[in-house]
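What follows is a short report on a single structure.
Derivation of every value follows stated rules applied to the coordinates shown; laboratory data play no part. Owing to the predicted nature of the structure, the values given are computational and were not obtained by experimental measurement. Neighbour counts are summed over all protein chains in view; Cβ atoms, including those assigned to glycine, are modelled from backbone coordinates with ideal geometry.
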Amino acid sequence: MISRRLFAVMGSFGFALAAVAQTDTWQFDPAHSAAQFSVRHMGISTVRGGFTKLSGSARYDPNDPSKTSIDVTIDAASVDSRVERRDDDLRSDHFLDVKKYPTITFRSKHTEKAGPDKLKATGDLTIHGVTKEVTLDIAGPTKPVKDPRGKVHMGASATTTINRTDFGITGYQGMVGNDLAITIDAELVRQEAPTTSTR
């Protein structure tokens with residue numbers, strides 16, 4: 001009886017260790033990740049742009065999506081809509097005011113499965129110094145693959161739509177739409193656990 005109980009306890013302990021081991025840390029690969037946005041102009045066309053500098057990390061357990069956490073930081077001054085004069089305006093206090101608010105961030109608070117290969121991540125989005133709770137619809141993560149150097153990669157794409165006025169961005173009302181669609185395409189690289197010295 002004692003041996004059976006001991007086996008059960010050891011089995012439960014082993015399962016717990018396996019579950020912990022499944023929660024890996026992943027870093028964004030900036031060269032293969034991007035943040036884009038789109039907004040209506042005068043109600044007749046759509047202007048698209050993005051940010052050329054972003055970083056981020058995630059902790060992900062494929063067996064328990066609720067353990068997933070996401071942390072993204074975007075350099076607001078790296079905004080690029082392919083028109084220099086417009087980009088200068090977007091960096092000004094009419095819109096992002098990047099001198100005062102240099103970063104855009106997302107910090108997840110809760111993640112759940114939303115279907116096959118889909119997640120929903122709810123967290124705090126901070127733009128223009130204002131923080132609001134938003135939900136990202138995530139396609140992925142993809143099945144992990146190894147590159148020629150043995151590094152493990154996976155990808156995911158997150159989308160949401162916000163009202164820019166909720167974040168205090170009110171410039172050019174009537175010309176620039178309020179609904180701002182945001183997409184973050186991320187390629188992530190699994191971080192290897194540090195080796196423990198035996199000395």
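If you put +1 on each Lys and Arg Cβ and -1 on each Asp and Glu Cβ, how big is the dipole of the chain around its Cα centre, in Debye rounded to 20? Please list the in-between numbers first.
Numbers: 26 positive and 24 negative charges, 133 e Å.
Charge dipole of the chain: 640 debye, to the nearest 20.
By how many nm would the segment from Thr131 to Gln27 grow when fully extended, if each residue of separation counts as 0.36 nm and the alpha-carbon distance is taken off?
Values: separation 104, 0.36 × 104 = 37.44 nm, distance 2.36 nm.
Gain in length upon complete extension: 35.1 nm.
For the chain, what is the calculated [θ] at 222 nm in deg cm²/dmol (nearest 500), taking -39500 (n - 2.57) for each run of four or more DSSP H residues and dividing by its residue count?
On the way: 2 runs with 29 residues, N = 199.
The helix-only estimate for the chain comes to -4500 deg cm²/dmol at 222 nm.
If you take the charge dipole of the chain about its Cα centre, with +1 on Lys and Arg Cβ and -1 on Asp and Glu Cβ, which of Val72, Thr160, Ser45 is farthest toward its positive end?
Going by the Cα projections, it comes out as Val72.
For every other residue with a beta carbon closer than 9 angstrom to the beta carbon of Gly155, add +1 if it is Lys or Arg and -1 if Asp or Glu, then tell me the sum. Don't skip to the end; give the middle numbers.
Values: positive: none; negative: Asp185, Glu187.
Counting the neighbours of Gly155, the net charge comes to -2.
What is the extension gain from Asn178 to Asp71, computed as 0.36 nm multiplied by their sequence separation minus the C-alpha to C-alpha distance, in nm to one decimal?
Working: separation 107, 0.36 × 107 = 38.52 nm, distance 2.53 nm.
Length difference between fully extended and current span is 36.0 nm.
If we restrict to alpha carbons, what Rg and Dmax does the range 23-190 come to, in Å?
16.5, 52
Starting from one equal scatterer on each C-alpha and no solvent at all, send me the Debye-based log10 I(q)/I(0) for the range 117-177 at q = 0.16, 0.22, 0.23 Å⁻¹, two decimals.
Each listed q corresponds, in turn, to -0.69, -0.90, -0.93.
In nm, what is the difference between 0.36 nm times the number of residues separating Arg82 and Ala114 and their Cα-Cα distance? Walk me through the intermediate numbers first.
On the way: separation 32, 0.36 × 32 = 11.52 nm, distance 3.48 nm.
Stretched fully, the Arg82-Ala114 segment lengthens by 8.0 nm.
For the chain, compute the number of Lys pairs whose alpha carbons are separated by less than 14 Å, excluding pairs fewer than 8 positions apart on the same chain.
Lysine pairs satisfying the spacing and distance rule in the chain number 7.
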